[in-house]
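Chemist: Attaching a single structure in structure tokens format; questions to follow.
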Amino acid sequence: MGPGPHLGFATISTDTGHNSATADITWALNNIDKKSDWGWRAIHGSVQLGKKLTEAYYGSPVRYSYYSGCSTGGRQGLKEIQTSPDSFDGALIGAAAWYTSHINNYVVKLGMYNLPVTDPKHIPLALFSVLWAEVIRQCDGIDGVVDYIVSSPELCKFDYTPIRCKGSPSSSCFTDAQIGTAKKIYGDWYSSEDGRWLADGLTYSSEDQWYLYLNGTAPQAFGVEYVQNFLLNDPNWDWTTFNDSLVTYAEQHDPGNSTADQVNISPFKDRGGKIIMYHGQSDGIVPTKNSETYYNRTIDYFGGLETTTDFFRLFLIPGMQHCGLTSVGAPWNIGAASQSTTMATNMWSVPGFSDKKHDALLALVDWVENGNAVDQIVATSWNSLLNPYSGVYAQRPLCPWPKKAKYNGVGYVNAAQSWSCA
Ligand SMILES: [Ca+2]
């Protein structure tokens, strides 16, 4: 909540009905109320209460209402827009884990690609960085500028030959079995039951975050504990028995009504609502393509890109990890949820650049209240990752999808004015 008042907002947040460690989902076991709170009810009730409190304190109606959240917070914002179009006038939605019934099962599936650790197909932690370095080497320059930032992963035709073991396996090369695992991790997930698409795979340049989901002796708890406590109410469920039919079961039951997959958001659009969605292109937790999938579905629903960009724009952030940060110096900070508070608890907006050109929330406010559609947002990184006093390292515009920032061919490559949206 800290950043909000600095920008003049009355601000509210919620624990969504439980208090737990990050990946602990045991609170959901057999608890319909807590599942619903997490799924949608805590956000909805907090918005209603927040407006009442604000109106009581100031003695006048709330003029505008905004949302900012990332990851599960991105999902929660989308869910509220889908179910209660009057709640917000603008929403800043990051790396949304919107497809609960699919993506939480996907976390189990993804982990199983690399398990058990005794299997020859298993890629050990040390090889993630080998793969990452080769991805950067091959995929970086495709976007026109060699800067360690992979801005066009979709154009990279990655060749495993340079990292493939030539003789006996070693700790610095990939066997064919391990290459098979890497291809699964990058690939989309299709049902073994009926062949239908189930989930997007991870993107080239996400490897630096693979340790989060792919380095355990079991799949990550976000997946396993979802199935145990949310889906099946069976804490003894054994992840080795996972099969793809669980997605169908999750779709049918959707405990807590948390899946935010509706694209009929006309009521929100019709009352003037605006959405800025963003996603790091090196995200190793929520695959970047999740946002593109939701956006493409929305475009299909509204009958084209232009009728969608009227009120809803997607900004991919090259080189940014999950919700923030970067390991390649990529401009990443746009004043979005948790970004500056991750740098220091007393930081807010984009330190040194708290204006609508650099802060996505202020850009959103300007779009909603003054009709100035957001054509670019300038992202910032600093010489020391978390220290804005270390001086700006790079700034670069982010562009409304499908546009990308393109280097003008002249000028300092780390200056925003050397780039254009094209
Ligand atoms: Ca590049």
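The values are calculated or read from the model by the stated rules, or taken from the named source; none is laboratory data. As the structure is a prediction and not an experimental result, all values here were calculated from the model. Cβ atoms come from the backbone with ideal geometry, glycine included; neighbour counts cover every protein chain shown.
Chemist: Which of the residues belonging to the range 139-160 are in contact with a strand residue (DSSP E or B) (Cβ under 6 Å, 6 or more places away or on another chain) and more than 6 Å from the ligand (Cβ to nearest atom)? Give the steps one after another, and end with the answer.
Modeler: First, the residues of the range 139-160 that are in contact with a strand residue (DSSP E or B) (Cβ under 6 Å, 6 or more places away or on another chain): 144-145.
Once the filter is applied, which keeps residues that are in contact with a strand residue (DSSP E or B) (Cβ under 6 Å, 6 or more places away or on another chain) and more than 6 Å from the ligand (Cβ to nearest atom), the range 139-160 yields only G144.
Chemist: Restricting attention to helices (runs of 4 or more DSSP H) lying wholly within the range 235-303, give those where 2 or more residues are closer than 18 Å to I81 by Cα and not assigned by TED's automatic domain parsing to the domain that holds L198. Steps first, answer last, please.
Modeler: On the way: elements: 245-253, 266-270, 289-302.
So the answer is 266-270, 289-302.
Chemist: So, one more: Provide a single number: the residues in the range 200-219 that are crowded, with 21+ Cβ neighbours inside 10 Å and either part of a loop (DSSP other than H, G, I, E, B) or of a type outside the set (D, E) (or both).
Modeler: Summing the residues that are crowded, with 21+ Cβ neighbours inside 10 Å and either part of a loop (DSSP other than H, G, I, E, B) or of a type outside the set (D, E) (or both) in the range 200-219 gives 11.
Chemist: For residues that are of a type in the set (A, V, I, L, M), surrounded by 18 or more Cβ atoms within 10 Å (Cβ to Cβ) and part of a helix (DSSP H, G or I), tally how many sit in the range 118-129.
Modeler: Of the range 118-129, the ones of a type in the set (A, V, I, L, M) are 123, 125-127.
Restricting the remaining residues to those that are surrounded by 18 or more Cβ atoms within 10 Å (Cβ to Cβ) gives 123, 127.
With the extra rule that they be part of a helix (DSSP H, G or I), the set shrinks to 127.
Qualifying residue count for the region: 1.
Chemist: When the range 28-63 is examined, which residues are found to be surrounded by 14 or more Cβ atoms within 10 Å (Cβ to Cβ), hydroxyl-bearing (S, T, Y) and under 22 Å from V365 (Cβ atoms)?
Modeler: S46, T54, listed by residue number.
Chemist: Still on this structure, I have one more. For the condition in contact with a helix residue (DSSP H, G or I) (Cβ under 9 Å, 6 or more places away or on another chain) and either surrounded by fewer than 18 Cβ atoms within 10 Å (Cβ to Cβ) or within 18 Å of L325 (Cα to Cα) (or both), what is the one hit in A373, A415?
Modeler: Numbers: A415 fails: in contact with a helix residue (DSSP H, G or I) (Cβ under 9 Å, 6 or more places away or on another chain).
When all the criteria are applied, what remains is A373.
Chemist: Output yes when any residue across the range 309-316 is assigned by TED's automatic domain parsing to the domain that holds W367, surrounded by fewer than 21 Cβ atoms within 10 Å (Cβ to Cβ) and not in a strand (DSSP E or B), and no when none is. Step through it out loud before you land on a result.
Modeler: First, the residues of the range 309-316 that are assigned by TED's automatic domain parsing to the domain that holds W367: 309-316.
Those left that are additionally surrounded by fewer than 21 Cβ atoms within 10 Å (Cβ to Cβ): 309-310.
Still in the running and not in a strand (DSSP E or B): 309-310.
Checked the range 309-316: at least one residue is assigned by TED's automatic domain parsing to the domain that holds W367, surrounded by fewer than 21 Cβ atoms within 10 Å (Cβ to Cβ) and not in a strand (DSSP E or B).
Chemist: Going by what's in this entry, would G324 be described as in contact with a helix residue (DSSP H, G or I) (Cβ under 6 Å, 6 or more places away or on another chain), small (G, A, S) and in the same structural domain as Q82 (by TED's automatic domain parsing)? Quick ask: steps written out before the conclusion?
Modeler: On the way: in contact with a helix residue (DSSP H, G or I) (Cβ under 6 Å, 6 or more places away or on another chain): yes; small (G, A, S): yes; in the same structural domain as Q82 (by TED's automatic domain parsing): yes.
Here the answer is yes, as G324 does meet what is asked.
Chemist: Given (1) touching a strand residue (DSSP E or B) at 6+ places or on another chain (Cβ under 8 Å); (2) among the acidic types (D, E); (3) assigned to a helix (DSSP H, G or I), where does E225 come up short, assuming only one miss?
Modeler: Going through (1) touching a strand residue (DSSP E or B) at 6+ places or on another chain (Cβ under 8 Å); (2) among the acidic types (D, E); (3) assigned to a helix (DSSP H, G or I) one by one, E225 breaks only (1).
Chemist: Let me ask something additional. Only one residue in D355, D366 is free of Cβ contacts under 8 Å to residues at least 24 places away in the same chain and either within 16 Å of the ligand (Cβ to nearest atom) or in a helix (DSSP H, G or I) (or both), so which one is that? Please lay out each step first, then the result.
Modeler: Details: D355 fails: either within 16 Å of the ligand (Cβ to nearest atom) or in a helix (DSSP H, G or I) (or both).
None of the others qualify; the one that does is D366.
Chemist: In addition: Give I185, I136 a once-over and let me know the one that is away from the ligand (no atom under 16 Å from the Cβ), in the same structural domain as N114 (by TED's automatic domain parsing) and either of a type in the set (A, V, I, L, M) or touching a residue at least 60 places away in the same chain (Cβ under 8 Å) (or both).
Modeler: Details: I136 fails: away from the ligand (no atom under 16 Å from the Cβ).
Being away from the ligand (no atom under 16 Å from the Cβ), in the same structural domain as N114 (by TED's automatic domain parsing) and either of a type in the set (A, V, I, L, M) or touching a residue at least 60 places away in the same chain (Cβ under 8 Å) (or both) holds for just one of I185, I136, which is I185.
Chemist: Considering the range 139-155 alone, what residues qualify as being free of Cβ contacts under 8 Å to residues at least 40 places away in the same chain and assigned to a loop (DSSP other than H, G, I, E, B)?
Modeler: D140, V146 - these are the residues of the range 139-155 that are free of Cβ contacts under 8 Å to residues at least 40 places away in the same chain and assigned to a loop (DSSP other than H, G, I, E, B).
Chemist: A further question on this structure: Could you tell me whether L131 is away from the ligand (no atom under 14 Å from the Cβ), under 23 Å from the mean Cα position of the chain (by Cα), of a type in the set (A, V, I, L, M, F, W, C) and modelled with pLDDT of 95 or more?
Modeler: Values: away from the ligand (no atom under 14 Å from the Cβ): yes; under 23 Å from the mean Cα position of the chain (by Cα): yes; of a type in the set (A, V, I, L, M, F, W, C): yes; modelled with pLDDT of 95 or more: yes.
Answer is yes for this residue.
Chemist: If you don't mind, there's one more thing I want to ask. Filter the range 64-87 down to the residues that are aromatic (F, W, Y) and surrounded by fewer than 23 Cβ atoms within 10 Å (Cβ to Cβ) and list them by number. Quick ask: steps written out before the conclusion?
Modeler: Quick first cut of the range 64-87, residues aromatic (F, W, Y) only: 64, 66-67.
Hits for the range 64-87 are Y64, Y66.
Chemist: Please tell me if S192 is modelled with pLDDT under 95, more than 16 Å from the ligand (Cβ to nearest atom) and loosely packed, with under 14 Cβ neighbours inside 10 Å. Walk me through how you get there before you give the answer.
Modeler: Details: modelled with pLDDT under 95: no; more than 16 Å from the ligand (Cβ to nearest atom): yes; loosely packed, with under 14 Cβ neighbours inside 10 Å: yes.
Spelling it out, it is not the case that S192 is modelled with pLDDT under 95, more than 16 Å from the ligand (Cβ to nearest atom) and loosely packed, with under 14 Cβ neighbours inside 10 Å.
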